[in-house]
Amino acid sequence: MTDGDGAAGARAYRRAIWAIALGILLFAVAQGLWALSLGSRQLFKDAVDWIYDVALYILAAVVFGRGVRAEQASALAIAGILAAAGVHTLYDLWDKIANPRPIEPFTIGFSAVSSSVIGYIVLAALLRFRHDENPLIKATWVSARNAAIATTVFSIATYLTRTAASRYPEYGLDLFGAALLFQGAGAIVLATWRDRRAAGGPRSLPRT
């Protein structure tokens with residue numbers, strides 16, 4: 001890829017990341033306000049969960065292009081965000097067991113479908129950058145890829161398990177979701193470590 005192509009690719013990546021971050025933020029605010037109007041604790045919780053994605057993509061958008069060290073540090077910060085989301089998922093699982101929540105089929109279905117749709121929109125927006133070796137770009141790609149996997153598995157399964165008589169399948173899905181978040185965090189840390197060891201290796205988008 002030529003320098004001109006690299007600069008154009010960098011601008012395209014930055015625009016995509018900002019669009020993703022702001023789009024998810026607007027959706028989360030709208031969903032949160034709707035949840036408050038309905039008095040739905042579950043729907044509001046699902047809206048708050050988007051904060052991890054918003055923080056991740058805003059961080060990437062702000063730091064991208066500010067140098068190798070900043071991008072590597074930000075990739076590690078994104079790994080931390082994913083790990084925090086995993087811990088939050090485990091805490092939410094504990095809260096479900098300690099304080100069983102009422103089953104809300106409509107809001108559960110809405111959250112499942114909307115998260116699936118948004119997951120695939122984000123995946124499509126970042127698809128062209130999936131082979132880039134920049135650790136920050138790789139971190140956002142890993143996050144988007146794992147989110148798409150999760151929504152594929154959970155969009156129908158979560159609805160079915162949350163509306164089933166037994167809550168154990170739902171608990172199992174939560175454990176798998178937390179494991180996926182921790183796996184993504186580990187993959188990002190490993191990729192960043194490799195990037196530091198291979199300093200000066202080829203990257204398809206410019207670093208500054």
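Fewest Cβ neighbours within 10 Å first, please rank 71, 133 accordingly.
Details: 71 23, 133 15.
Listing 71, 133 from fewest to most nearby Cβ atoms yields 133, 71.
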Quick one: 17, 118, fewest Cβ neighbours within 10 Å first, how do they rank?
118, 17
Long-range amide H partners of residue 133, meaning residues 5 or more apart or on another chain whose placed amide H is closer than 5 Å, are 204, 205
Compute the FRET efficiency between residue 22 and residue 99 as 1/(1 + (r/R0)^6), taking r as their Cβ-Cβ distance and R0 = 41 Å, and round to the nearest 0.05.
0.75
Kindly identify region 46-132 as rounded, prolate or oblate by the Cα gyration tensor criterion: order the square roots of the eigenvalues as a ≥ b ≥ c, call it rounded if a/c is under 1.5, otherwise compare a/b with b/c, prolate if a/b is larger, else oblate.
oblate
Sorted peptide list for 84-94, 183-193, criterion being average Cβ within 10 angstrom, highest first
183-193, 84-94
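About the Cα centre of region 3-197, what is the dipole size in debye to 20, counting +1 per Lys and Arg Cβ and -1 per Asp and Glu Cβ, all else neutral?
Numbers: 18 positive and 14 negative charges, 54 e Å.
Using Cβ point charges on Lys, Arg, Asp and Glu, region 3-197 gives about 260 debye.
Dipole size in debye (nearest 20) for region 25-79 around its Cα centre, Lys and Arg Cβ +1, Asp and Glu Cβ -1? Numbers along the way, then the final one.
Values: 4 positive and 4 negative charges, 23 e Å.
The calculated dipole for region 25-79 is roughly 120 debye.
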C-alpha center-to-center spacing [region 30-60, region 75-141] in angstrom:
12
What is the fewest-to-most order of 106, 129 by other Cβ atoms lying within 10 Å of their Cβ?
106, 129
Residue 171 and residue 36 label points (each 7 Å along its Cα→Cβ direction) are spaced in nm at 3.4
Set the Förster radius R0 to 22 Å, insert the Cβ-Cβ distance between residue 29 and residue 91 as r into 1/(1 + (r/R0)^6), and round the FRET efficiency to 0.05.
0.40
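No value in this document is a laboratory result; all are computed from the given coordinates. These figures come from a predicted structure and were not determined experimentally. Cβ atoms come from the backbone with ideal geometry, glycine included; neighbour counts cover every protein chain shown.
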